[in-house]
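Everything on this sheet refers to the single structure shown next.
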Amino acid sequence: MEIKIGEAIREYAPYLQGKLLLLGENSEWLSVLESPLQGKLNSYELEELLEKVGLSNDEELHAELIRLEEGKKKPTPSLVRNGIDYQEKEIDWLVPNLFIKGSVHLLGGDPSAGKSYVTQWICALLSSGQEIFGRRYEPMKCFYISAEDSTETSTLKRIRVNGGLAENMYFLNMQGVTFPSGIEHFQKAMELHRPSFVVIDPLNGFVDDDIDIYKDSSIRKALQPFVQVAEYYEVAILFNTHLNKGNANSNPIYRFMGSIGSTAVSRVSLLLAKQENSDERILSVVKTNEGQEVNYALKWNWENGVVQNLGLTELKANEIGSEQTDVELCAEEILEYLQELSNGKSSSAELDSRFKNDYSSSTIKRARKKLGKKIYAKKESNKWYVYLTETVEPLEPLHIQKGVSNV
């Protein structure tokens, strides 16, 4: 059976798909990737390709290619490995105790907690080299991937008011792309821009239809490609996610929506909670194998969108329990969703579709009713739309090219 060079490398290192896609856009490299592996092992052409993808010194890859060329079965992995076969690796923190380079992270919180606000604030600080949680860094590239394309402008505005640099911010157009089936689009963008920090908001907005976030093996299938990409590009990837409905659990790692597999895959899991009758938020590390379980107090200024770090606190996010019902939580999410849209308007079908994975149709209907006069429905051209009663002010135009990427 004829095996192509590109297929062989993808089988061994699936996280290189983005790099191979870019190489394949060049007709010269495409012919190399599409050529059969047989007889190429000792050629300069193959060595040049392996060097191009950073695998020229990978002994395991060479052994894999030889095995494929000779048509041999894949050897059974050894059950026992000696300690000298492993290399000790120091933890490389992007932000101490919070974000590790080459790792996947999770941030959970109720709709009213402001997960998007805090991640946009973090992007602002990292992109501009401001002090973040007691330490200052060189400005770095950040990716922000949102399920709502219409929020790109408002997201960038929030980042700018917190001092972020638009030239270091990239907003990936992932409309219609879900994971893990569409992972190559993400990999290609990673190869092109090489960011240091990535936010994907929210997790359940980007998973394939056949992924069951409540099933351990299924959610691991969706997240594992990101683990490989994070390791290869040495980037910190953060997924925003919702919490389970109902009252707070005594163990915070069980509060994240879906299977515990998501927290198991993440190196660090964070919880964000809103203090009752206050603009303060508590950001807590609730799961880490490497650092300390620190807690930070943050404060929002709703007039200008600026976020302030009040420093370390003894209060933990999990100590601020959620007593809200599903209907109340759904109502808050609907309101937050409409507020993020520049015109405060969504088709009724789109709104219901957005929340159908998290709530039943009856819960969504009751939540809309609970919002009362805050929203209203109107029929236009035989199609129903939902509006905010008072729409947000239109955002000033942002004449920025470098801050937005459609990759």
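Quick notes
- Within region 115-127, the residues that satisfy the criterion of being in contact (Cβ under 8 Å) with a residue 40 or more places away in the chain and within 13 Å of Ser196 (Cβ to Cβ) are Ile122, Cys123, Leu126, Ser127.
- Leu107 being surrounded by 19 or more Cβ atoms within 10 Å (Cβ to Cβ) and at pLDDT below 85: no
- Count of residues meeting criterion [within 20 Å of Leu106 (Cα to Cα) and outside any loop (DSSP other than H, G, I, E, B)] in region 178-205: 13
- Test for Ser112: is it among the polar types (S, T, N, Q), within 21 Å of Leu223 (Cα to Cα), in contact (Cβ under 8 Å) with a residue 40 or more places away in the chain and open to solvent by less than 60 Å² (accessible area, probe 1.4 Å): no
- Test: Gln38 is at pLDDT below 80 and either among the polar types (S, T, N, Q) or under 30 Å from Leu125 (Cα atoms) (or both): yes
- Scan region 1-42 for residues that are of a type outside the set (A, V, I, L, M, F, W, C), under 27 Å from Val227 (Cα atoms) and in a loop (DSSP other than H, G, I, E, B) and the total you get is 1.
Listed here are the residues, each with its yes/no results for (1) among the hydroxyl-bearing types (Ser, Thr, Tyr); (2) loosely packed, with under 10 Cβ neighbours inside 10 Å.
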{"site": "Ile66", "(1), (2)": "no, no"}
{"site": "Lys73", "(1), (2)": "no, yes"}
{"site": "Thr76", "(1), (2)": "yes, yes"}
{"site": "Leu79", "(1), (2)": "no, yes"}
{"site": "Gly83", "(1), (2)": "no, yes"}
{"site": "Glu90", "(1), (2)": "no, yes"}
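- Hey, Val285 closer than 27 Å to Ser218 by Cβ and in a strand (DSSP E or B) or not: yes
- For region 27-56, a residue qualifies if it is open to solvent by less than 70 Å² (accessible area, probe 1.4 Å) and under 32 Å from the mean Cα position of the chain (by Cα), and the qualifying residues are Trp29, Leu33, Leu49, Leu50, Val53, Gly54, Leu55, Ser56.
To keep it simple, each residue is scored yes or no on (1) closer than 23 Å to Glu131 by Cβ; (2) open to solvent by 30 Å² or more (accessible area, probe 1.4 Å).
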{"residue": "Ser146", "(1), (2)": "no, no"}
{"residue": "Ala166", "(1), (2)": "yes, no"}
{"residue": "Lys188", "(1), (2)": "no, yes"}
{"residue": "Val207", "(1), (2)": "no, no"}
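- All of Glu290, Glu303 fail the test of being open to solvent by 30 Å² or more (accessible area, probe 1.4 Å) and closer than 25 Å to Ser103 by Cα, apart from Glu290.
- Scan of region 7-20 for residues that are open to solvent by less than 70 Å² (accessible area, probe 1.4 Å) and under 18 Å from Ile183 (Cβ atoms), ordered by number: Ile9, Tyr12, Ala13, Pro14, Tyr15, Leu16, Gln17, Gly18, Lys19, Leu20
- From Val53, Val32, residue being more than 26 Å from Ser103 (Cα to Cα) and either of a type outside the set (S, T, N, Q) or modelled with pLDDT of 80 or more (or both): Val32
- Residue satisfying all of: in region 338-394; among the acidic types (Asp, Glu) and open to solvent by less than 60 Å² (accessible area, probe 1.4 Å); farthest from the chain's Cα centre (by Cα) among these: Glu380
- Number of positions in region 43-93 that are without any contact (Cβ under 8 Å) to a residue 60 or more places away in the chain and part of a loop (DSSP other than H, G, I, E, B): 24
- Lone unmet requirement of (1) part of a loop (DSSP other than H, G, I, E, B); (2) free of Cβ contacts under 8 Å to residues at least 60 places away in the same chain; (3) not β-branched (Val, Ile, Thr) for Phe143: (1)
- Note on region 215-252: residues that are modelled with pLDDT of 85 or more, of a type outside the set (Lys, Arg) and open to solvent by 40 Å² or more (accessible area, probe 1.4 Å) amount to 7.
- Scanning region 267-315 for residues that are among the hydroxyl-bearing types (Ser, Thr, Tyr) and at pLDDT 95 or above yields Ser269, Ser284, Tyr296.
The values are calculated or read from the model by the stated rules, or taken from the named source; none is laboratory data. Computed from a predicted model, the values in this text were never measured in an experiment. We place every Cβ from the backbone using ideal geometry, glycine too, and count neighbours over all the protein chains shown. Side chains included, ligands, DNA and RNA excluded: accessible areas come from the protein's heavy atoms. Shrake-Rupley method; radii C 1.70, N 1.55, O 1.52, S 1.80 Å.
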